[in-house]
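Participant: The structure follows.
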Amino acid sequence: MSSSIASSSSSSSSSSKKEKKISLKTSDGEVFEVEEPVAMQLEIVRSFFADNEDVTEQTVMPLPNVSTAAMHGILEYCRAHEEFRRRMPEAAPEEEVRAFEAGYVDRKSNEELKEMILAANYLNISKLLDFLTGVAAKRIENKSVEYVRAFFGVENDFTPEEEANLRREYEWAFEGVDED
Amino acid sequence: MGDTIHPRDRISKLPDFIVHHIMSYLSVKKVAQTGILSKRWNYLWTSFPILDFDQTYVRGLDMTCTLPLEFTGWQKERFNKFLVFVDASLLRFCKLKFSVQKFRLSIGPLDVKGSSFLLDKWIGLVVDNEVKELDIHLISEKTLFYFPRTIELDDMYTLPQKLFSAKSMTTLDVCGCKLEQSSGSAGLHFLKNVKLDNLTMRPANYTAFLDGLFYICYPRYLSIEAYGGNFKLFIKWLYRKLRNRDAKCCNSHAIMCWRHYLKDVEIECFEPFCSEEELVDIDNVNKELSDLPLGNLYFRLDWCCFSEPVDEVKD
């Protein structure tokens, strides 16, 4: 089978050669040494190394818009997906991926989730951004207006009359909603 | 210092497109609710490029595919209010001059003659705003909801000619409307997916319909709803027509019809409405066309380059 050839060649190349690491520096100054295939999932990193001829393996790439906390979350996700890809290069083990992703976001607070959305956007990891925005949507779908305001940290700048008018205009959208 | 910024302040600066990204996973009702969060969010809601209007979201109007065929007094009032809402939302969005990603409208029962002015206006607006996906599901007042569902073409809404200038359109999904082009040639080059539902017509009209459709576009995928006896008859006819093209028709003309450009046709897949239905084996689908369960049948069409028509056509 072609799959066995592919997996044996990839494992031999990764074990024989010393794994290449990429250094990434977060907004609060911490430097992360990241395995190359994991770092390359970050589109911003991939294009930085692809487009700049004068960067070397020693180059530390600054990521001023990403906090250390967000970086830990991002790398956990990317490492898990790299592991899935390495183990099953042809088709990801869907159930395992789902189980990982569910457990992964359950541990994140709303604040952490939003921070990671911003980081995933800045780092340009479209798969993670799709996943996290979907999770954010799930967290607010059946929630009250007040909950959603708090979730996004929105200050209500409507007067009570303005809000009442809007509620009248969108009346259909507020029918049969369980406020919780 | 970066870490002095409170997370809340940063979140309030979530770029518009990320908010829209989150909105794309939310139900239509929920998206509309975000319009009252704050002034900025009202703008974010107004500028959300997926314009999805389905009357079943409105309580009291969520009775599709069931009798009666007419609204009662209070339903009529709610329905008219919904139309006003659709109109106002579309006008607000289109004033912003952003492209429409998707316009979906699902309404009825409808007085087709009385409403066509409004429908023409809405489709015109989204076409002017470079609509990519258009999904129009109408139920005419005259539709009968028992098998076989029959509605004569005369009682259907005719999509406006403006539609044929929708150059950026990639997906067209219509149900209960007529597609007819009165002049000009095919211009919808980006149109790759065409889905046609609730197409009930007499067998005498089949050829005119197919010629009309392929006059305006050369879709990669064509999906037909298999629903009731007439549809099966139509699907069988369609598959035979697509496979065995008699192209002696316009050999003497410089401009030739679609039969000269269609290279190949395959049945791509069959999606049963009821998931418990057994999957239909595509290899046997030709034999089983008359036994298909309810569902959507997808054809994949291969067109050749339009400067070089296919020389030989099967008969």
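Residue-wise test of (1) within 12 Å of another protein chain (Cβ to nearest Cβ); (2) surrounded by 15 or more Cβ atoms within 10 Å (Cβ to Cβ); (3) over 19 Å from the mean Cα position of the chain (by Cα).
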{"site": "B:17", "(1), (2), (3)": "yes, no, yes"}
{"site": "B:43", "(1), (2), (3)": "yes, no, yes"}
{"site": "B:74", "(1), (2), (3)": "no, no, yes"}
{"site": "B:92", "(1), (2), (3)": "yes, no, yes"}
{"site": "B:109", "(1), (2), (3)": "no, yes, no"}
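Participant: Which ones in segment B:256-283 are modelled with pLDDT under 70 and either at positive phi or surrounded by 10 or more Cβ atoms within 10 Å (Cβ to Cβ) (or both)?
Facilitator: B:277, B:279, B:280, B:281, B:282
Participant: May I ask you to list the residues in segment B:30-78 that are in a helix (DSSP H, G or I), at pLDDT below 90 and either more than 21 Å from residue B:131 (Cβ to Cβ) or not assigned by TED's automatic domain parsing to the domain that holds residue B:92 (or both)?
Facilitator: The answer is B:56, B:73, B:74, B:75, B:76, B:77, B:78.
Participant: Here are some residues: A:96, A:155. Which one is surrounded by fewer than 18 Cβ atoms within 10 Å (Cβ to Cβ) and outside the structural domain of residue A:47 (by TED's automatic domain parsing)?
Facilitator: From the options A:96, A:155, the qualifying one is A:155.
Participant: Now, a different point. What are the pairs, 6+ residues apart or on separate chains, where a residue within segment A:141-156 that is more than 18 Å from residue B:39 (Cβ to Cβ) has its Cβ under 6 Å from a residue that is assigned to a loop (DSSP other than H, G, I, E, B) and modelled with pLDDT under 90?
Facilitator: Every condition considered, the pairs that remain are A:144/A:179.
Participant: Considering segment A:118-134 alone, what residues qualify as being in a helix (DSSP H, G or I) and surrounded by 20 or more Cβ atoms within 10 Å (Cβ to Cβ)?
Facilitator: A:118, A:119, A:120, A:121, A:123, A:128, A:129, A:132, A:133 - these are the residues of segment A:118-134 that are in a helix (DSSP H, G or I) and surrounded by 20 or more Cβ atoms within 10 Å (Cβ to Cβ).
Participant: Within segment A:135-157, how many residues turn out to be more than 7 Å from every other protein chain (Cβ to nearest Cβ) and either assigned to a loop (DSSP other than H, G, I, E, B) or at pLDDT below 90 (or both)?
Facilitator: 3
The values are calculated or read from the model by the stated rules, or taken from the named source; none is laboratory data. Not measured: the values here are computed from a predicted model. Counting neighbours? That spans all protein chains shown, and the Cβs are built from the backbone with ideal geometry, glycine included.
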